[in-house]
Amino acid sequence: MNAPVTVYVPADAGALSLGADRVASAIVAGASARGQNVNLVRNGSRGLYWLEPLVEVVTPAGRVAYGPVNAGDVTALLEAGLLEGAPHALRRGDIESLDWLKSQQRLTGARLGIVNPADIDDYIAHGGYIGLSTALTLAPAAIVKMITDSGLRGRGGAAFPTGIKWQTVLDQPVAQKYIACNADEGDSGTFSDRMLMEGDPFALIEGMTIAARAVGANRGYIYLRVEYPHAARALAKALSAARARGYLGENIRESGFSFDISIRLGAGAYICGEETSMLESLEGRRGEVRVRPPLPAIKGLFGQPTVVNNVVTLATVPVVLAKGAQFYQDFGVGRSRGTIPLQLAGNVKRGGLVERAFGLTVNQLVYDYGGGSASGRPVRAVQIGGPLGAYLPESQFDTPLEYEALSARSALLGHGGVVVFDDSVDMAKMARYALEFCAVESCGKCTPCRIGSTRGVELVDRIVAGANGSRAADLALLDELCDTMFNGSLCGLGGMTPFPVRSALKHFRNDFMK
Amino acid sequence: MSEPDDKVRRVVAGAVQRHAGENGPLLEILHAVQNELGCVPGEAIAPLADALNLSRAEVHGVVSFYHHFRAAAPGRYVVQLCRAEACQSMNAQATETRARELLGVDMGSTTADGRVTLEAVYCLGNCACAPSIMVNGELHGRVTPERFAELAAEWGQRS
């Protein structure tokens, strides 16, 4: 047999959902029948989901991509010379020369789809663990200062400055502290945490290790949603590899510093993405929110000071340490510094992961990257930031995707998910759904969320039915109810459900008046 | 609550023992029990409470809080249909309607032959390939009603 040809077929859940395993087997079997050895690498996804499964072949001229490849295409592809990178209708050439990818600024997701997520040497060869090496030479306060100076804010949704949170934990004079990674990515339209855990899990592990070093923690937990079995497997493999190579566990890299990470699985409760509910769940209880104060940074997991950050935030930490606070700070606009992995999804032609400096407009994302709706019908609305995010009408698609600009339009960026809807959407239904979702997922601890959501569903039903001529009164009542939920709820679930409801009422009022 | 049979007792004891050294291990233990038994039966509550020095009400409260834990074993195929916004925008409703028709059950129910359990789920993180479903942990993207019918045929369901 000839020297093996390296072929990349993603094992990312999205690619798998479109048949990547069958494609991989077909390539290996077909190549072997032709007397050709294949070195199959299961990478993560580069995030061009309309091209998944995306197959890449390593040739002397570089990686050559083909996609979307179905198992049924493989025979013809091999016939055409897939393993030499030969022409074919599905050939995309060097994927990084595609505008869609070339125009991106990938810092957090720099290695996505490129490296083998199970191979720590591949991670190191692509710049991994430079950040930790730097951190091990610095005093904890200096690491925290770098994170503060970088301007990094929590990418999970709340956008709280990461450095300030870490400083609070660092300042607590106790021996036992924790790093708790929130990997309960429950917002519809978001999947960047999943992609990172599956495609570059060492970045998260390195980020948590740096965080631990910075605040003086020796134990970390990844609270992973049970809906992500592929991520659980990828993380477990990476954790073992990191331990085996001395990047986790006792005396990391002979530095005298010890830290280890466990995975804890959630059990299908959206509310556990809220940080205090997550802590309750990690402690083995019902995921009911805690009243704050005290902040988790002071009294968190098992009553100890705890850094709670989400996956993207922690996976961004290594690049800040490796390239410096100023480098990171130089991306972005206003108080939204660095890059944001935007997740483009729903009814869109070219959905996927777009990582750019803050400030891209909705128009640019939906049309330049997304190519408009998948159905070919006009785009009518986008929802930004998950089920608790506002709906924007097309007239507001000039809004830049950054925290303050969205906030000025009573919207929020959340975890950066953007879901596209065409003109067949019924916005009264979507508003009703938001309230229904809140009712299903409410932890029940506070009344505005628990009762308000149920009453809200009834009100929307009454408004749409237009019964008893009470529409005007019911609209006023719904507005008041939103007010109570917004101001009176204990956490973001009840507090933010008014965003989708009010934005639907404001921009798409006719849908309620049929 | 009925008396736990030997198997339930054994599984609970094994799970408790495996996670004995951990802080706040109840969820971990419940996962282990459900992985082995397919559910967390009501009769597991008392031995769990005893082993962890919790009240039965506390254990029941935790089991019933989380959507993932179930009191009765599901069908051989657990089919989770995503109902969240990204999937809705790609007409997941049509697939759900087809699924109910084809299987003759509502969401949250198991077919009479005990083969398929149909469940709602709110986001599988596959939103760029919507609509999505998960079958026994295996994810499927861009699931149209037609594609759903093909999959159902693989589970031995004929329309």
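The values are calculated or read from the model by the stated rules, or taken from the named source; none is laboratory data. Since we're looking at a predicted model, the values are computed, not measured. Cβ sites come from the backbone with ideal geometry, for glycine too, and all protein chains shown count toward neighbours. Note: accessible area is taken over every heavy atom of the protein model, side chains too, but ligands, DNA and RNA are not part of it. Shrake-Rupley method; radii C 1.70, N 1.55, O 1.52, S 1.80 Å.
Structure data summary
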quantity	calculated
Qualifying residues in region A:145-181 (those that are part of a loop (DSSP other than H, G, I, E, B) and polar (S, T, N, Q)) - the one surrounded by the fewest Cβ atoms within 10 Å (Cβ to Cβ)	A:Gln176
Output for region A:324-357, where each listed residue is within 24 Å of A:Ile143 (Cα to Cα), out of contact with any helix residue (DSSP H, G or I) (no Cβ under 7 Å at 6 or more places or on another chain) and open to solvent by 10 Å² or more (accessible area, probe 1.4 Å)	A:Gly324, A:Gln326, A:Phe327, A:Asp330, A:Phe331, A:Gly332, A:Val333, A:Ala357
Total residues in region B:59-69, condition open to solvent by 50 Å² or more (accessible area, probe 1.4 Å), out of contact with any helix residue (DSSP H, G or I) (no Cβ under 7 Å at 6 or more places or on another chain) and either more than 8 Å from every other protein chain (Cβ to nearest Cβ) or in a helix (DSSP H, G or I) (or both)	1
Residues satisfying the stated conditions in region A:100-149, i.e. among the β-branched types (Val, Ile, Thr) and under 14 Å from A:Val320 (Cβ atoms)	A:Thr108, A:Ile130, A:Thr134, A:Ile143, A:Val144, A:Ile147, A:Thr148
Top-ranked residue of region A:397-414 - restricted to ones that are open to solvent by less than 10 Å² (accessible area, probe 1.4 Å) and touching a residue at least 40 places away in the same chain (Cβ under 8 Å), ranked as nearest to the other protein chains (Cβ to nearest Cβ)	A:Gly414
Tally of residues being loosely packed, with under 15 Cβ neighbours inside 10 Å, modelled with pLDDT of 95 or more and either over 30 Å from A:Gly220 (Cβ atoms) or of a type in the set (Gly, Ala, Ser) (or both) across region B:16-50	1
Total residues in region A:302-356, condition within 14 Å of another protein chain (Cβ to nearest Cβ) and under 30 Å from A:Arg290 (Cβ atoms)	9
Residue under evaluation B:Val78, criteria (1) within 14 Å of chain A (Cβ to nearest Cβ); (2) outside any helix (DSSP H, G or I); (3) surrounded by fewer than 16 Cβ atoms within 10 Å (Cβ to Cβ), criterion not met	(3)
Criterion: open to solvent by 10 Å² or more (accessible area, probe 1.4 Å), within 25 Å of the chain's Cα centre (by Cα) and aliphatic (A, V, I, L, M) - qualifying residue of A:Ala217, A:Ala232	A:Ala232
Those residues of region B:109-150 which are more than 12 Å from chain A (Cβ to nearest Cβ) and either of a type outside the set (Ser, Thr, Tyr) or within 17 Å of A:Thr190 (Cβ to Cβ) (or both), in sequence order	B:Ala112, B:Asp113, B:Gly114, B:Arg115, B:Val116, B:Leu118, B:Pro145, B:Glu146, B:Phe148, B:Ala149, B:Glu150
Region B:89-132, residues that are part of a helix (DSSP H, G or I) and either more than 15 Å from A:Asn347 (Cα to Cα) or β-branched (Val, Ile, Thr) (or both)	B:Thr95, B:Glu96, B:Thr97, B:Arg98, B:Ala99, B:Arg100, B:Glu101, B:Leu102, B:Leu103
Flag for A:Pro68 being closer than 12 Å to A:Ala20 by Cα, part of a loop (DSSP other than H, G, I, E, B), open to solvent by 40 Å² or more (accessible area, probe 1.4 Å) and touching a residue at least 24 places away in the same chain (Cβ under 8 Å)	yes
Residue identified as under 30 Å from A:Asp368 (Cβ atoms), in contact with a Gly (Cβ under 7 Å, 6 or more places away or on another chain) and among the basic types (Lys, Arg) among A:Arg243, A:Arg337, A:Arg253	A:Arg337
Conditions (1) farther than 23 Å from A:Arg155 by Cα; (2) touching a residue at least 24 places away in the same chain (Cβ under 8 Å); (3) open to solvent by 40 Å² or more (accessible area, probe 1.4 Å): number failed by A:Glu394	(2)
Test: residue in region A:27-45 that is open to solvent by less than 60 Å² (accessible area, probe 1.4 Å), within 14 Å of chain B (Cβ to nearest Cβ) and under 23 Å from the mean Cα position of the chain (by Cα)	yes
Selection count where residues are part of a helix (DSSP H, G or I), open to solvent by 10 Å² or more (accessible area, probe 1.4 Å) and closer than 23 Å to A:Gly495 by Cβ, scope region A:279-323	1
